[in-house]
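Note sheet for the following structure.
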Amino acid sequence: MPQKISDRILMEVQKPTRYVGNEWNSVHKYPGQVDVRFAFCFPDLYEVGMSHLGMKILYHMLNDRNDVYCERVFAPWVDMEQKMRENNIPLFALESGDAIHQFDFIGFTLQYEMSYTNIVNMLDLADVPLRSSDRGEAHPIICAGGPCAYNPEPLADIIDFFMMGEGEEVLNEVMDLYIQCKKSGSGRMDFLEKISGIEGVYVPQFYKVEYNEDGTVASFMKKSEQYPEKIRKRIIKDLDNAYFPEKIIVPFMEIVHDRIMLEIFRGCTRGCRFCQAGIIYRPVRERTSEKLVQIADALQKSTGYEEISLSSLSTSDYRALEELTTELLKLTEHNKTNLALPSLRVDSFSLDLMQKVQKIRKSGLTFAPEAGTQRMRDVINKGVTEQDLIRSVTLAFEGGWNNVKLYFMIGLPTETMEDVEGIGALAYKVLDAYFSVPKEKRNKGVNVTVSTSSFVPKAFTPFQWEAQDTMDMLREKQEHLKGRIKSRQITYNWHEPQLSFLEGVFARGDRKLSEVLIQAQKKGCKFDGWNEHFDFEKWMETFRECGIDPYFYTSRKRAYDEILPWDHIDVGVTKNFLIKESERALKGEVTPHCRENCTGCGATIFGGGVCVE
């Protein structure tokens, strides 16, 4: 148990197991016997962070080294933060209970823009200066990685260095270089100078940004010739030989994804134009079914988990899915455990596979048509039809399922009210499909849940130049769709437009937003992704006080020749390809996926995966 947290305090907060550590398979070392202490920080609650596969991989990978001690840190909930501030308890690591300002590194994973104030708040709780420029030799080095790091600029004044791409190799290289620097007596700045030469590492303070009078970027210049012009992401070419732990921590409390997660492949061949992950994780690289079964067997033995889930961007695109599920079902049946299949595409649905996986319990099925009309699905390059969906749900209803969830986006480029109405119409067609199945073949009681998220344009997508729908436009569309759905058998859920607006600001923001984040945290902004803590007025007040117009980042369409804040990051996929895809989107033209035809996106530069098969 953390040394500075008394039983009295733990008894006064919700879910005290968030803070006690000592879970099964957690790693404990003597700090004096290692060269590097690394605080792996997830800027959200314990139960959210402990569900993240990347953290599980990198935590055990670092701890498999004898010279590094990696410990976990999560954002304390507001009740625990209050107790910590009242009792002068700095932010601590779960394993040792030590204050993380004593560590060599504090590393954040960036999964969601709305967790940025939690990063600032955690540094404040840790007694670490918030700005990189205010830190000296006595302070830890602050680093970050993850999908949101591909536009690092809103955090550029806060984070000392970013790691672009997949972390298994680059993180070890950084640790090796730090140990060399530490043993030779090199200082903080010398270390940052040296790691700027590691591919994938970006040190913001070594680059200067200048702005035009209209607020757009005028130039982005490196301050010395020794720094790279562009920072290229890192990928792991061979997933079979990549690190994957054969034991993972088993929490004392229930977490969001409380199961074994098998990462079957990285990347996606599909090329949906709204999807950042589909671009930044290219090219597709698969693990073999043999390797996955071996990992699953080892993890079941080391954890006792009763469910295995397959993790990827599009599980049904895994080429050995039938072989893998057959072998995993043998394993789970022998161990009396379950297999879950998320991320099924509506055009490659297998009733037989469903029947095998859900022999006993007919839980709900989820599909993501994303748009309500074929025109709109062509614009976003979704590559599925209404017929695909209806055929899939009909098979499901015939197989005994009666609970279907449909995910859509509103606010997509070129969207009209007719497209919005198409979402409701499609839900009714799914309902009709249920009633078209003979009573003796279907289960009683049907529920169709329609969920709409608000589209937020992201960096490195064909829509990165598009204007985001205003909050009023999104509300109008939500209300319009609500008015179209009158059946009690259809449930409609939607997202708060204010949150999507703020996400849009930081998704395509620049360095000027670092100060906004720091000032927003001072006003009490944190856990912005949680409805009960999101305070939109505080944010708008902060923008005004900082002299920043947030609508500049969301409501304007960019020209193709504008310098974007993230243009110095190289994800392999070229800007020319994104421009072509943007133009094809506006014409409603569909682009084939990678395995049908190489479209020359640029990812071949990495020499791995689907690009060289």
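Details
- Between residue 482 and residue 15, the distance separating the two model label sites (each 7 Å from Cα on the Cα→Cβ line) works out to 2.9 nm.
- Highest-first arrangement of 69-81, 174-186, where packing means the average Cβ count within 10 Å: 69-81, 174-186
- Kirkwood hydrodynamic radius of region 77-182, Cα pairs, Å: 14.8 Å
- When you restrict to C-alpha pairs under 8 Å that are six or more residues apart and normalise by the size of the chain, the relative contact order lands at 14 percent.
- Helical content of the chain, expressed as a calculated mean residue ellipticity at 222 nm, amounts to -10000 deg cm²/dmol (DSSP H runs of 4 or more residues, -39,500 (n - 2.57) each, divided by residue number, nearest 500).
- Rounded to 5, the percent of DSSP beta bridges in region 248-342 classed as antiparallel: 20 percent
- Put simply, when 87-98, 489-500 are sorted by average Cβ atoms within 10 angstrom per residue, most first, you get 87-98, 489-500.
- In region 125-246, one over the average inverse separation of all distinct C-alpha pairs is 15.9 Å, which is the Kirkwood hydrodynamic radius.
- Pair-distance profile P(r), taking every C-alpha pair of region 396-487, with 10 angstrom steps and integer %: 15, 39, 26, 16, 5, 0
- Based on every Cα atom in the chain, Rg and the maximum pairwise Cα distance Dmax equal 24.4, 77 Å.
- Environment charge at residue 602 (Cβ cut-off 13 Å; Lys +1, Arg +1, Asp -1, Glu -1): +4
- Ratio Rg/Rh, restricted to region 484-569 and using Cα atoms, in which Rh is the Kirkwood radius: 1.09
- Protection proxy ranking of 320-327, 441-448 - average other beta-carbon atoms within 10 Å, highest first: 320-327, 441-448
- Take the Cβ atoms of residue 7 and residue 391, set R0 to 60 Å, and the FRET efficiency comes out at 0.55.
- In this label model, residue 184 and residue 590 are separated by 5.6 nm, measuring between points 7 Å along each Cα→Cβ vector.
- Note: region 374-431, Cα convex hull, 75 Å³ per residue.
- Largest-first ellipsoid semi-axes for region 169-306, taking √(5λ) over the Cα gyration tensor eigenvalues, angstrom: 37, 23, 16
- For region 1-53, convex hull of alpha carbons as volume per residue, Å³: 118 Å³
- Beta bridges per DSSP with both ends in the chain, % antiparallel, nearest 5: 20 percent
- With all protein chains kept in place, the per residue accessible area of region 141-284 amounts to 37 square angstrom at a probe of 1.4 angstrom.
- Global size of region 549-613: 14.8, 47 Å for Rg and Dmax (C-alpha atoms, Rg to one decimal, Dmax whole).
- 22 Å tail of the calculated P(r), region 32-127, as % of Cα pairs: 25 percent
- Ligands, DNA and RNA are left out, and with a 1.4 angstrom probe the accessible area of region 458-518 is 38 Å² per residue.
The values are calculated or read from the model by the stated rules, or taken from the named source; none is laboratory data. Model, not experiment: these values are computed from the prediction. Every residue, glycine as well, gets a Cβ built from its backbone with ideal geometry; the counts of neighbours run over all protein chains shown. Side chains are part of the model used for accessible areas, which takes the heavy atoms of the whole protein and leaves out ligands, DNA and RNA. Shrake-Rupley method; radii C 1.70, N 1.55, O 1.52, S 1.80 Å.
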